[in-house]
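What follows is a set of notes on a single structure, which appears directly below.
Quick note: the coordinates plus some simple rules give every number you see, no bench work behind them. Just so it is clear, the model here is predicted, and its values are computed rather than measured. Methodologically, a virtual Cβ is constructed for each residue, glycine included, from the backbone with ideal geometry; neighbour enumeration extends over all protein chains shown.
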């Protein structure tokens, strides 16, 4: 069965520090991969997505993610975190156009 | 601006009542989705519709019903059969099928049973 694992429930980083949020998936083929961000009480905003090609993808707000097929991972990174990045981040796997599997989310706290 | 509008933002329901959550989109997307979000569990698919007058059950459809009479609208009814309805509900629509494929989400409705 398909699954998405975000092993870190909460992460705290200092403003200006680098960030890496982990995501591992279980799926037989290469899926469509997404990262979304959610502010409290709000919907999800797409940060970036991977379908094929270059395994390092750039997204909005200075985020990037790298697809590593051998590790079934799609980790999200940002070189320098801003206080406004505090939110919950969700990794998602698209198995087909109507089947999206979400991880349980990672809450990011940013220390001043 | 195009987007998805969910209403109301907060909804309170007494036990035994049915309630309907509204979802409207002006993106001209064919496919629409309802997700339920619980703390620490990510999002789970309730129902989806790929075209008007057609919809399919998702992973947790029991206790919910939907309709798709118009392309723009995909309301979700939480029935009294749903034993634990308190949650955050998100509506989404899908664009594209190739590399342009992606979901757009509404801002959600928080349902609380009182």
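The table below lists the values:
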{"item": "Quarter of the Cα convex hull surface for chain A, i.e. its orientation-mean projected area (nm²)", "result": "6.8"}
{"item": "Virtual spin-label span in nm between residue A:97 and residue A:39, 7 Å along Cα→Cβ", "result": "3.2"}
{"item": "Pairs of Cα atoms farther than 26 Å apart, the protein assembly as shown, %", "result": "37"}
{"item": "Chain B: radius of gyration over Cα atoms, expressed as a fraction of 2.2 N^0.38 Å", "result": "1.01"}
{"item": "Counting DSSP beta bridges with both ends in the protein assembly as shown, the antiparallel % (nearest 5)", "result": "90"}
{"item": "Label-point separation, residue A:84 to residue A:58 (7 Å along Cα→Cβ), nm", "result": "1.9"}
{"item": "Contour excess over end-to-end distance, with Cα ends at residue B:101 and residue B:71 and 0.36 nm allotted per residue", "result": "9.0 nm"}
{"item": "The stretch A:5-37-the stretch B:1-38 distance, computed between alpha-carbon centres (Å)", "result": "27"}
{"item": "Taking chain A and dividing mean pair separation by its residue count, relative contact order in percent (alpha carbons under 8 Å, at least six apart)", "result": "37"}
{"item": "Separation of alpha-carbon centers, the stretch A:65-100 and the stretch B:51-83, rounded to whole Å", "result": "29"}
{"item": "Label point distance in nm, residue A:111-residue A:18, each placed 7 Å from Cα along Cα→Cβ", "result": "1.9"}
